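This report concerns only the one structure given below.
The values are calculated or read from the model by the stated rules, or taken from the named source; none is laboratory data. All figures in this text were calculated on a predicted structure; none of them were measured in a lab. Cβ atoms come from the backbone with ideal geometry, glycine included; neighbour counts cover every protein chain shown.
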Amino acid sequence: MQGRPRRWTRRLHRLLGLASCVFLLLIAVTGLALNHADRLGLSQRSAAAPFVLALYGVDAPPVDVAFEAGGSTYALAGGFLVVDDRIVAESRELLGAIAVGRDVLALTDEELLLFAPGGALVERASLSLPAAARRLGTDGDVAVIDAGALLFEIDTAAMNARPAAESGAPDWSIAATLSDGQVRQIGTAVLGRTYNGSRVLNDLHSGRLFPGLGPLIADLAALCLVYLAASGLYLALRRNR
């Protein structure tokens, strides 16, 4: 009869020891990574995987508007201007995106942005117009901004606007309809700015990644360590008698 309690005690020790080792390993690995977060570029690495977002209980922000130009998608979501799957700027409104030669010109409520082929940001400039810009288009090879009753031509070399000469009706940039895959890609890019590797590792290290359960897991792990230390000390003293 004495063998069964001893066998049960050994199994309990092994189970608690294994759980404590896993917890300590998690704390050690995440702590080391956070100590070298800048070197590892964790703040620039997206951690917005579906299972991570499920743990936080967040959904991707909706795409407010999107335009397709030069083979790339220019979209506004969650207050960010996203090109394909890359955040390039913060913005409140996206008014259009058009191809100008091999480059792409995008217009927000505050500035013009010039992109090279592939969506790389080349230059950005603030706008100073007598009225608020409403949309972006082309008149032949010239980019045009509609500012109510006035039209302005864009000089992409100088990145400024001047009153447009009289011409025909410009072709205005039209919002695109995105596929579900494109919407997910854009939403993941936006969430990746907030839920990056540094934040997720820090929340995992501190237990905040599991609201309510984090402190409980830490308390249980601490109790396991206390039990193992106390029982180990008791057995060591007992053997020395």
Quick one: F210 ticks every box in (1) at pLDDT below 85; (2) touching a Ser or Thr at 6+ places or on another chain (Cβ under 6 Å) bar one, so which box is it?
(2)
R193 - would you say it is under 18 Å from D64 (Cβ atoms), modelled with pLDDT under 90, surrounded by 15 or more Cβ atoms within 10 Å (Cβ to Cβ) and of a type outside the set (A, V, I, L, M, F, W, C)?
yes
Picking from G96, G119, which residue would you name as being part of a loop (DSSP other than H, G, I, E, B) and under 15 Å from Y74 (Cα atoms)?
G119
Which residue, of A33, A28, is in a helix (DSSP H, G or I), of a type outside the set (S, T, N, Q) and in contact with a His (Cβ under 9 Å, 6 or more places away or on another chain)?
A33
Test for L34: is it of a type outside the set (K, R), surrounded by 11 or more Cβ atoms within 10 Å (Cβ to Cβ), within 19 Å of R208 (Cα to Cα) and not assigned by TED's automatic domain parsing to the domain that holds L129
yes
Whichever residue in region 42-58 is without any contact (Cβ under 8 Å) to a residue 24 or more places away in the chain and assigned to a loop (DSSP other than H, G, I, E, B) and, among such residues, is nearest to V190 (Cα to Cα):
A49
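Got a sec? Which of F23, F67, F80 is touching a helix residue (DSSP H, G or I) at 6+ places or on another chain (Cβ under 8 Å), surrounded by 14 or more Cβ atoms within 10 Å (Cβ to Cβ) and assigned by TED's automatic domain parsing to the domain that holds A97? Don't jump to the end; show me each part of the working.
Values: F23 fails: assigned by TED's automatic domain parsing to the domain that holds A97; F67 fails: touching a helix residue (DSSP H, G or I) at 6+ places or on another chain (Cβ under 8 Å).
Exactly one of F23, F67, F80 is touching a helix residue (DSSP H, G or I) at 6+ places or on another chain (Cβ under 8 Å), surrounded by 14 or more Cβ atoms within 10 Å (Cβ to Cβ) and assigned by TED's automatic domain parsing to the domain that holds A97, namely F80.
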